[in-house]
Amino acid sequence: MKPFREMNTTIIGLIGIAAILGLLATAFTLDRFIGGDTYAAEFSEAAGLRPNDEVRVAGVKVGKVIATDLAGDRVRVKMRVKGARLGLATRADIRIKTVLGRKFLSLTPDGPGQMEPDDVIPLDRTTSPYDITDAFQGLATTVGEIDSGQLARSFTTLADTFRDTPDEVRGTLEGLSRLSRTIATRDAELRRLLDRSRGVTEVLAARDQDLVAILSDTSLVLDELRRRRQVIDQLLTSTTALSEQLIALTRENRATLAPALARLRGVVTVLRNNQANLDKALVRLPVFVRLFGNNLGNGRWFDTLVQNFTNPTGFEPGTFGDGKPPTTSGTSGGSGSRGSTR
């Protein structure tokens, strides 16, 4: 077999491209292999329904929207449904999924029999919701296109025309004129406000899935807290019982604890007054312990060397002035004596 680098690169490239095209075709047609029947429904408007939006029956997802196409004066929505029985009088309604405008298609199975694949739910058995997001965006666009200066001049002219009318009418028109002038002076601010409102709406619509995920995670946290409610209740009950027992224990031993605390305060005071001495003792203690350990390191006796300890004049070697043998024995030298005492 030839090494890979010696093969025809053109053939290898064509095989790779064919494999990639096959994978792409499989990805785009995967839904056909999953199963389910294809149906259609006619609506007066799409109302923001898009392909891949959910299809639900009684709140349970049973499929998804495949396409939305214009069919004359109405919109035809194609859907794929799996695992649901749809009667011959089934209704289809476009409903709002989130507050940011996402939709889903709700099916209400009704009637006898069973719909055949590719059957169409007619317009009289479908409803479309009012899209509040589009309404706000249209309002922002419409208000932004108003010529506030021309509107102010119109109200001013109207007030001048009705100046000789009764006081009530004239006062009303003058108030309208002042209102229009106020609006005209705030025209730039209002335009910026509406533009930013439109931007906020677009950002929220783009982040719809993220907000839905946050709300779903919050729901999971609340469900977990609900499941752990009994454990949390037991923990709080046990904590309360422990605090009550500690209070009772303190009350019962108050007569004993008060003198003990007073003595402890006195001990602390003594230690604080002798802090300098304690510090010195802690510094010098290691040297003493080391030398003391050297003296006792050979057995159950003291083993030490006394420097410049010579035989006193007038005493016999091995005896003191009273003639008794010494309790310490060793060999005397010119510079000292080393011995051991048991």
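The values are calculated or read from the model by the stated rules, or taken from the named source; none is laboratory data. Here the structure is a predicted model, which means the values were calculated and not measured. Note that we place each Cβ from the backbone using ideal geometry, even for glycine, and neighbour counts take in every protein chain shown.
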*Restricting attention to the stretch 219-262, which residues are at pLDDT 85 or above and of a type in the set (S, T, Y)?*
T237, S238, T239, T240, S243
*Take the stretch 87-130 and flag every residue that is hydroxyl-bearing (S, T, Y) and either closer than 26 Å to Q209 by Cβ or in contact with a Phe, Trp or Tyr (Cβ under 9 Å, 6 or more places away or on another chain) (or both).*
T90, T98, S106, T126, T127, S128, Y130
*If you take the residues of the stretch 100-128 that are out of contact with any Ser or Thr (no Cβ under 9 Å at 6 or more places or on another chain) and among the aliphatic types (A, V, I, L, M), which of them is surrounded by the fewest Cβ atoms within 10 Å (Cβ to Cβ)?*
V120
*asked:* Quick check on T218: is it in a helix (DSSP H, G or I), out of contact with any Phe, Trp or Tyr (no Cβ under 7 Å at 6 or more places or on another chain) and among the hydroxyl-bearing types (S, T, Y)?
replied: yes
*Mind counting the residues in the stretch 46-72 that are in contact (Cβ under 8 Å) with a residue 24 or more places away in the chain and surrounded by fewer than 15 Cβ atoms within 10 Å (Cβ to Cβ)?*
2
